[in-house]
Structures are given as C-alpha cells and as structure tokens.
Amino acid sequence: MLKLWTALGRPAKIRFGLALLLSALAGASSVILLGLSGWFLTAAAIAGVSGAGYVFNHLYPSAGVRGAAFSRVLTRYGEQLVGHDATLSLSARLRPDLFAASAASQRGFTSMPAKDLSALIDDVDAAEAGFLRVYSPAAAVISGMLVALAFVFVSDWLTGLIALGAFLCSGWLLPWLAVRQSHQAAKTLARQAEAARESASRLVENAIELDILGALDREGAATERSLQQQMTARDGIEAPYRNLGAITATIGLALALLVLWRAAETQSGIAMATGAALALMAAFESTGAMLKVFDARARSSVAAEHLAQRLSQREADWDPPIETAAQISGVFPLIASGLTAQAAPTAPRIGPLSFTIAPSMLVQVIGASGSGKTTIAETLMRLHPVTPGTLRYGDVPAESTRIASVLEYMAISPQFPAFLPGTLADQLRLAAPAATEEEMWTALRLACADEFVRAKEDGLSIRFEEGNLPFSGGELRRIGLARALLVSPEILIVDEPFAGLEPALARRLAGNLNQWAQAAPRALVMLTHKQTDFPFEGLARQSIRIG
Amino acid sequence: MPEPTENTSKIHTRAALRSWAAAAQREVNLGFLCQLVAISGWIAIAWGIGHSVSAIADEQPTGTGLPIAAAGILVRGLANWTGDLLLARAGRTMVTAARADLFAALSKAGAGWLGGADAGTRTSQIIDRTAKLEGYAAHWLPGMRLAVAGPVIILVAVATQTWLSAVLLIVSVLVLPLFIWLTASETASRAKAQQGAMDELSGAFQSRAAQSGLIRAFRGIRRETDSLQDASLQLRDRTMAILRVAFLSTAVLEFFASVSIALVAVYIGFKLLGVFPFGTGETLTLAEGLTALILAPEFFSPIRKLSSLHHDRADASAAAEMLSDWLEHSDDHPVTRLSVLSAAPVIAFENVSLAWANGATVVSGLSFHAQPGRITTLAGPSGSGKSTILLSLIGRARLASGTIRIGDHVLQPGESLADSIAYIGQTPWLMEGTIRDNIAIARPNADENAIAEAARQAGILDFAGDSRGGLNQKLARFGAGLSGGQRQRIALARALLRDAPILLMDEPTAHLDPDAQEDFLRKLKELAPERTVLIASHSEPLIAASDEAIPLQPQRTREEAAC
C-alpha cells in the first residue's frame, strides 16, 4: 500500500500521521482507563483498611482515570475524522490519476469491458479503505497492548514475558494463519460458488425451454440444492475466524488470572497486579480486531499493487517524450507504406497496407465486420503503435509526434458511439469545449441530426444517462458524427455512416459530407462493408480492401 | 388491479421477513441463550477476580475466587463460540428459506414469472438479494434482544455489589437516547444527500474510466481529470461536514461509556479510601467494588453494536421488500397442457394485449397471423415484449385483452401448447452427460434410431465424429468448450427429435458467428415446410430470411404504462 501512496506523491501526509497517532492514543487510553482503575481501587482499599485513607494521594490517580476516559472519547472522535479526511484526500488524488493514466496509455478507443471496470472499481474501493481498515485499527490494538504489557512487566516480569509471547501468537501468528486458512477455503469455495451462480443464471436464461420440456421443477430444485450446498460449505470461510476469536479472548482472560495467581504466590504488589490483570483483559478484548486487520490487509495490498501497476504507466509507450516530439501543423499528406495494425500485442496483424491520403480524397476501407477496419482507423490516429511498416504525416514520421497533436487534426465517428453521462451539449463539448450553441446546431445539421433533436422538448439540454440514452441507435450515430465534426478535423473517419438509414436521408447525409470535405483542405475516410453507392462528386476516390 | 399502497407493501415485507426468520427461529433462540450464558460467565469472572484480589490484599489464601473465575473463562469461551456458530447457521437458514420460496414460486408460476427484468438481474436477485437477509437472523434478531437483556442482567449483578454504581450506569444510559436522537435526526437527511453525492462521484469516475479511450480520442484527458478532481475535493469537503456531526453520535456513546466507567471507578476508590464526602448508605468492600468495575464495560458492549445492527436490518428490509413484491406477483394459474396438435396450425393474434405478472403492459393491440410452412419473425428491440408473446402460447403470460387463435381453437388463459412446441433459445439448456442424453430430453421416450437421425440431420456428427465418441461424447457442465454453432446444432437436433408442429425461437442467432449463422438459417429453411415457425429476433439477417416480419415497438416505460 505504501508503494501506491508513494506513487501518488504521498498525499495527506500529515493527516495520515495524525490519524495514526490519535488511533494509538485511543487504544492506549482504553487500556489505561481499566488498568489504572483496577490499580487505584485495590491500592485505595489497602490504604483504607490500614487507616491511611487521607494520607493516600487520591487526586492524581482519580484525575488519571477521568483523564483516560476523556482522552478515549476525544482521540477516537479525532481519529475517525482525521482518518476519513485523509482517506478522502487520497481518493481525490487516486481517482483522477488513475483515470488520466489509463486514458493516456490505452490502445484504441473502445470502452473498458464491464468485467475489467468492475475489477478496477473493486480495487479502488479496497485500496482506499486500506488505511481505515488496516493501519488505524492495528495502531490502536498495538498501542493498547504495549500499555497492558507495561502494566504486566511492572507487576511481574515473568508473566510479562508470557503475555508478550501470547500477544505475538494471538495478535500476529494466529490471525495470520486463520486469515490464510480462511482465504484458502474461500478460494476452493469460489469455484463452487461460481458454479452455483452459473447454474442459477442458466436456469433463468433457459426457463422457457425448460418450462416447455416440463423440466423446470426438476432443474430448479437442482439449482436450489447447489445454492444450499454452497451456503453450508461457506462455514469453512468463517470457522477459522470464529475459532480464533474464542481462543484470543480466552487467552487474555487466562493471562489476567495468571498475573493474580503469581501475585498471590509471591504475596506482593497486589494493586499493581490487579491493574495489570484488568489492562490485559481490556487489551486482549480488542485483539480480536487484528483478524479484520489481516483480512483487510490481504485484500487491500493486492488491490494497491494492481493500482500502483496501472499508475506506473502514465503515457502510451509509443508516445515520444514531449521535449523531443516533432511539431506538426497538419496531417496531409498522410502516407502509409507497408502499414500493419494490431488491436493488441497478441491480436492478429492486419495489413500490410500502402496508401496516401491527401485533401479532397474519399478513402474507403472495405471489409467484413471483424476484419479490423476500426483498428486501421485507430492506427491512423496514432492510437496504436505502428510496427512493422511506416506511417508519416507529411515529412514527419508518426512515432516522433505526440498522439495528442495528431488528434488535433483527426476525428472519428464510430458505428456505435459511446457517451458520457450529461446533456447533449456536454457530449458535443467533449470534442470542442468552447463550442457555441450555434456551432453545435451547425454540426448537428451537417450530420442530419438537427431535426430529431429539435423535436425533443429539452433540445441541447436533453440528458444522456447510463443505460438510458434518449435517442435510437441510428440517431446516436449521427450525434456521434456531429461530435466528430465539431473537432474540425482535416481527416474525418466515419464508420458505416449510412447503415440502416432510409435512402433519402442517406443521400442527404452523403451530400452534406461531400460538401463538408470540399469546404477546406479535408479528406474523408469511410469504413464500410461494401463500396458506397453515392457519387461523392469532386472527391478523388480510393478503396482499400482488407480481410 | 389496485396499486399496492406503501402500507400493504410494508405489511408484506414484514410478513416475509417473519416467515423466513421463523425457519431460523430455533438457532436464533439457542444462539441468544449462549450469549446469555456468556454474560453469566463474565459475571463469574468479575466475581472471582474481585474476591481473589480482595483475599490477596488481606494476605489470605485466594480460596474459591480464582477457580470460579477460571470456570467463568471456560464457560464464556465455549458459550461465545457455540453462540457464534449457531447464529451464523441461523443467518444461512434464513437465506435458504427465502430461496426456497423463490424456487417454489418459479415451479408454480413458470417461466413467465421471471419476465420484467433481464436474466442477469433475476439471477442476482435470486442469489445476491437473498444473501442480504443473512444479517437479519444472524445479527439483528439476537442483537436486539441482547441489547436489552445484557445490560439488565449486568445492571442487576452490579446492583447486588453496589447500588450507587448501578444508578450511575442507569443514568448514563438514560441520557443516551436523547443525544443519539439529537444527532441522528440531524444526520439522517444529510447522510442521504451524502450517499447521493458519493454515488454520483463513483458514477462519474466509473463512466470516465470506462470511456477513457473515447475521451482521449477527443483530447479531453486533462479537462476530465480536472473535473474529476474538483468533484472529488468538493465531495470530501461535503462529506467531512456531515461526518463531523455523524461521528458525534458514536462519540456521545463513547463518552457515556467511558465517563460512567471512570465515575464508577472513582466513586468506589474514594469509598474504599473512606474519603467519599457523602453518605451513600452502603459500605463497600474491595471485592464488591472490583466486581462492579469489571462488570461495567460489559454493560455497554451490546449497546455499542446497535448501530451496526441497524445496517443489517435496513439491508434485510430492502431485500425483503423487493423479494416479497416479486413473490406477490407469482400467479397461481394452473396450466392445462393441450394434447399434441396433429398438424401445423395457423397461429392468429387478434388485437392482443399482454401484461407482466405485476400488471404492467408488455404488448398492446398486436395482430398477426403465423401461417404453417412459413417463417414468421417478431422483429423489435429488446423490451418490445417478444419473449412474452412466445410465453403466451404456453399459458405463462397474462392475456389482458384480445384473442389468440390456434387454428379454430381459441386459446384460453392457462392453456398451454407446450406439448406441440419445440423451442430454440439463444443457447440451449445443456446438462452434464452425453450428447445423446442432451438430445433425448426433447422426447424422453424416443428410440435410438430417432436420436441418431436427428443428430445427423442437425449436423452434430460434423463435430462429434466417431473418433471422439460420437453421440456418447460427454459434455462438460453447461456444455463448456462448445462453440455457439455447436450448441445450436444440439438445439436443432432437439427440435428435430421433438417433431412438434410449432417451432418457437427466441434470438436463436445471438451467439453465432457469421458462418454458423448462415449454416443455421439454411437448416431453418429445411425445418420450416411442415411447421409453423415463429421467431422473436432483432437480427437483420434472420429477419431478411423470414417469410414475414411483424415489427414491434418497445413499450413505454413501466411507469407510463401504469398510468
């Protein structure tokens, strides 16, 4: 976890330190409260019996008892507040950094698969909770135990040594073993749990077929049984914790009796012994928390390791350093020779391809779905490394330019565009933060997307939510096109722009694109599964077939 | 159907919780009993230590003090362990009881009951939602009783030693609810707002992380990073303002717990010294004082757990509310299976409206004719009620209005054509066993030749040749390792073996690659002539290949539909 914290530039250093200190003080105060009370009572009784009641200095001990009580309350409150503040500050550094690193180093622009995303979110949650679940409670337990040990050592060094050994066992060794045992059980059970879940999900998916075959009862009962078995077997995960919890509490109490028994044997220092006994009882009572600490530590440190790994690469490895990168003032002519593209290091190679894109050209990349058209487009935009083969923007080799400077001149309108939660205007501002409403409407009109947007009551402020997009697939594609147009790129890449459109609308869109491409030095790259029927008069046409 | 009011839904939720908890009642009671025994163990420990210390201070032999304390330790350890074991079991029993109700409803109400949410949601409701009930039996039920019984027992024990200390403890606990109420009512509403802000931030991070590639393609990394950071810092400040108040309620509890222990200790100490300035009417010995001091922390320990118990209860109630609502809608229509039709029928829907079990309309005013020998496709996006239309043919959908005609017969509610139907879904149900077993479930009394012929026609021998055991080849659980195309060939073989006059399909090409899809469409054409084929799909090639396509519109959202 320290590695991750260091990678983030040690945020909230002072607050984390203060929270640790307060946590340690809170742990110590609880033990002092009981230990000092025990000592005070016994010493007071002995003094009272011997008639020395008014000679005995009762002010300091009783003030100490009250002081420990107040300090326990205040330090715990402070520790909770400061600890949460520090954790939230960490999160305010971690999340943006993670996003920036993953955005800059990613290949292509496809969205993160749901499974990876949920793993990432789990990691972030676990790593963020690390301090509050691991370091802070551990500090409280350890400092409390140190105070208790001090009491015991003052009372009787032999018992002190035994108590130290017992703490090392029950606070470190046994929890470590129990957590390991439980995690092993969890690992074996994970398969069983997975199988039970799959069985349930298959049952739901195939319910109609099973109903028709008259087998729904039987298979439902089988799934119910497997869920039940898995539930019962889960005790294997909990048993080590339960056993250790009982053992730890018993050890603490037994040690307290040992201290008293030793005092009886040696007939000395009963007041101190009572203090030590009560302190031990209090300290071991909280040692149970070490189980949760070890449990959380295992999860948090794996998560932190994953995140540190992600943060270690903050830029794409095919992006040259800013200082040495070549400046470009446009991408024309874009020259590919022997270019090969790969969606991932292990993915099949596409190409080699050789072509040139100059202003007023329509380049069609033609291939079946899955043949790698999008990967070619991404490679032209520098979203993948080029090897082998060469790609040049004018005289400048691609590998010596920054990705961001190429993206200034190129934009893509995907077949299935993705959107962020926010308004329609927010979607368009992603491409052009400073765009005015007028510019947005112009782009929407070019993309034949203005009519259906105008038909909505909210217009540009209509909201896009996760899993609830306000337009149909074909409409969204044209909004994606408007967004790409707002970049004012030199090369615009459009993926299947006419698929599923009515002929009249498709013709109008083709006309708009044609007009747009000739209004300035611009070129169109079109990814399609077959030659387009539209003439695109005035543009020089070139076709590249792949797959 | 009358809208369920908030009240009736609450009653249902409570009834459901009660009935599931009843299954675990014995374990809960025994577990609670163990916790009480553990408390008496603690009393023995306190008494034993008090008396042995007092004896040692008087330079007497420790007598029975130490052995009684030792016995108390053993009893406490054992009782706590057994109690934990029983209560953990109680939690699991409750979850199992709820799942049993769900599976009973499924077998009673059939596949139609699962409609209204996608398969993933339903699966997670069956597994994860029910799991949320665990804490109700394992923690909330015994914890609430212990929060009352525990302090009372300890209080009585303390009072037998020193009544004034008992009064001190009572006073502190009586003041407590007031303070908790003061802080809690303040925080509750803010905490909700806070949770909202937290979810929003998680959502903002999640959607940006998911679309990081898109954001980069538009050179928005810096902008979005900054806006994430701003949102995080704002959230931190907002959260801290709430936490300052929220943690006060725990701090108040801590305050009274700590201060009353300190007061008890100081009072007893002064009393023993003989310097306590007021007459209290009691003479204290060291044994009594120490016993009371050791008991005092145990007085607060069950009360401290109350706030985490409330989480358990809230989780369980939320789950029970959802589950009982779902169970509420498991219609108990007995299904009559009509006898097998002798020939492929005309299936006619005349102005048909269908509803889910909860009354929400899925399909309205639908009319079409599916002719024998032709492929009719219900074409529409997900949510347009395609599957529900298929369900209506097996008596598993609620017919709100209109008529469904099968040939001359008007299909009555609850009448099922299941025995005349072969069905092919996205992927077939595959079980552990041989390919032969998997085909044979379509017609359990089929003879060997019929199975072999169906397998041959479906093209199964192409991938399950003799060298690999032919039809005796064993399939792994859920057919792991088979391709989408291979699975659909098994489904085809089932349909061929069943030899039913009606063939229903639901997105049969969803998991097929282009080649397998072409192959499947070819086989489909071969099957069509002697059957009435009705397909639900939004796949364009499949729609293109069918003789007739019935376009369906997605229904309005459920809220609108309910108006």
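The values are calculated or read from the model by the stated rules, or taken from the named source; none is laboratory data. Bear in mind the structure is a predicted one, so any value in this text is a computation, not a measurement. Methodologically, a virtual Cβ is constructed for each residue, glycine included, from the backbone with ideal geometry; neighbour enumeration extends over all protein chains shown. Remember, those area values only see protein heavy atoms, side chains included, never the ligands or the DNA or RNA. Shrake-Rupley method; radii C 1.70, N 1.55, O 1.52, S 1.80 Å.
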Open to solvent by less than 30 Å² (accessible area, probe 1.4 Å), within 9 Å of chain B (Cβ to nearest Cβ) and among the polar types (S, T, N, Q), is that true of A:S136?
no
Here are A:D156, A:D211: which of them is within 14 Å of chain B (Cβ to nearest Cβ) and in contact with a Gly (Cβ under 6 Å, 6 or more places away or on another chain)?
A:D211
Looking only at region A:352-411, how many residues end up being within 14 Å of another protein chain (Cβ to nearest Cβ) and in a loop (DSSP other than H, G, I, E, B)?
12
Cβ contacts < 7 Å: first residue open to solvent by less than 20 Å² (accessible area, probe 1.4 Å), restricted to region A:64-75; second residue in a helix (DSSP H, G or I) and of a type in the set (V, I, T), any location; separation 6+ or different chain. Result?
A:V65/B:V266; A:A68/A:I32; A:A69/B:V259; A:A69/B:I261
Residue list for region A:303-326, filter: open to solvent by 70 Å² or more (accessible area, probe 1.4 Å) and either of a type in the set (A, V, I, L, M) or assigned to a helix (DSSP H, G or I) (or both):
A:E305, A:H306, A:Q309, A:R310, A:S312, A:I322
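Would it be correct to say that A:A44 is more than 8 Å from chain B (Cβ to nearest Cβ) and assigned to a helix (DSSP H, G or I)?
Numbers: more than 8 Å from chain B (Cβ to nearest Cβ): no; assigned to a helix (DSSP H, G or I): yes.
Considered against the rule, which asks whether it is more than 8 Å from chain B (Cβ to nearest Cβ) and assigned to a helix (DSSP H, G or I), A:A44 comes out as no.
Residue-by-condition table, conditions (1) small (G, A, S); (2) open to solvent by 20 Å² or more (accessible area, probe 1.4 Å):
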| residue | (1), (2) |
| --- | --- |
| B:R405 | no, yes |
| B:Q412 | no, yes |
| B:I421 | no, no |
| B:E432 | no, yes |
| B:E448 | no, yes |
| B:R489 | no, yes |
| B:A495 | yes, no |
| B:P501 | no, no |
| B:L504 | no, no |
Qualifying residues in region A:107-119 (those that are touching a Leu at 6+ places or on another chain (Cβ under 8 Å), at negative phi and at the interface with chain B (Cβ under 7 Å from one of its Cβ atoms)) - the one least open to solvent (accessible area, probe 1.4 Å):
A:F109
Residue set B:T283, B:T250, B:T291; condition among the hydroxyl-bearing types (S, T, Y) and within 46 Å of the chain's Cα centre (by Cα); output residue B:T250
So A:G9 fits all but one of (1) part of a helix (DSSP H, G or I); (2) touching a helix residue (DSSP H, G or I) at 6+ places or on another chain (Cβ under 8 Å); (3) more than 9 Å from chain B (Cβ to nearest Cβ); (4) not β-branched (V, I, T); what number is the exception?
(1)
For region B:252-274, how many residues meet the condition of being in a helix (DSSP H, G or I) and facing another protein chain (nearest Cβ under 7 Å)?
13
When region B:302-321 is checked residue by residue, the ones that are open to solvent by 40 Å² or more (accessible area, probe 1.4 Å) and either away from every other protein chain (no Cβ under 14 Å) or not charged (D, E, K, R) (or both) are B:L306, B:S307, B:S308, B:H310, B:H311, B:R313, B:A314, B:D315, B:A318, B:E321
Among the residues in region A:359-369, are any without any contact (Cβ under 8 Å) to a residue 60 or more places away in the chain and farther than 30 Å from A:T6 by Cβ?
no
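Out of curiosity, is A:G220 away from chain B (no Cβ under 14 Å), in contact with a Ser or Thr (Cβ under 8 Å, 6 or more places away or on another chain) and of a type in the set (G, A, S)?
Numbers: away from chain B (no Cβ under 14 Å): no; in contact with a Ser or Thr (Cβ under 8 Å, 6 or more places away or on another chain): yes; of a type in the set (G, A, S): yes.
Judged against the criteria, A:G220 is not a match.
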If you check B:L309 against the conditions, is it touching a residue at least 12 places away in the same chain (Cβ under 8 Å) and under 40 Å from the mean Cα position of the chain (by Cα)?
yes
So, in region B:336-352, of the ones that are farther than 26 Å from B:G365 by Cβ and polar (S, T, N, Q), which residue ends up nearest to the chain's Cα centre (by Cα)?
B:T336
Considering only strands (runs of 3 or more DSSP E) wholly within region B:319-418, the ones with at least 3 residues that are among the polar types (S, T, N, Q) and over 30 Å from B:A131 (Cα atoms) are B:361-370
Since A:Y60 meets every condition but one in (1) of a type in the set (F, W, Y); (2) under 25 Å from B:V264 (Cα atoms); (3) within 10 Å of chain B (Cβ to nearest Cβ), which condition does it not meet?
(3)
The correct count of residues that are in contact with a Phe, Trp or Tyr (Cβ under 6 Å, 6 or more places away or on another chain) and open to solvent by less than 30 Å² (accessible area, probe 1.4 Å) in region A:211-247 is 3
Quick check on this structure: which one of B:A157, B:A105, B:A184, B:A131 is out of contact with any Pro (no Cβ under 7 Å at 6 or more places or on another chain) and modelled with pLDDT of 95 or more?
B:A157
Tally of residues being in contact with a Ser or Thr (Cβ under 9 Å, 6 or more places away or on another chain) and in contact (Cβ under 8 Å) with a residue 40 or more places away in the chain across region A:224-238:
4
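A quick yes/no check of all residues on (1) under 30 Å from B:T361 (Cβ atoms); (2) in contact with a Pro (Cβ under 7 Å, 6 or more places away or on another chain); (3) hydrophobic (A, V, I, L, M, F, W, C):
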| residue | (1), (2), (3) |
| --- | --- |
| B:K10 | yes, no, no |
| B:A24 | no, no, yes |
| B:Q35 | no, yes, no |
| B:W42 | no, no, yes |
| B:Q60 | no, no, no |
| B:G72 | no, no, no |
Residue that is facing another protein chain (nearest Cβ under 10 Å), in a helix (DSSP H, G or I) and open to solvent by 10 Å² or more (accessible area, probe 1.4 Å), where the choices are B:T62, B:T82
B:T82
So which of B:A98, B:A119 ends up being farther than 19 Å from B:L293 by Cα and either more than 22 Å from the chain's Cα centre (by Cα) or facing chain A (nearest Cβ under 7 Å) (or both)?
B:A119
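Only one residue in A:T266, A:T287 is more than 7 Å from every other protein chain (Cβ to nearest Cβ), polar (S, T, N, Q) and buried (at least 24 other Cβ atoms within 10 Å of the Cβ). Which one?
Values: A:T266 fails: buried (at least 24 other Cβ atoms within 10 Å of the Cβ).
Residue meeting the stated conditions: A:T287.
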Which pairs turn up if I take residues in region B:469-489 that are free of Cβ contacts under 8 Å to residues at least 60 places away in the same chain and look for partners that are among the basic types (K, R) with beta carbon separation below 9 Å, at least 6 apart in sequence or on another chain?
B:G470/B:R436; B:L471/B:R436; B:N472/B:R436; B:Q473/B:R436; B:F478/A:R202; B:G479/B:R487; B:R489/B:K523
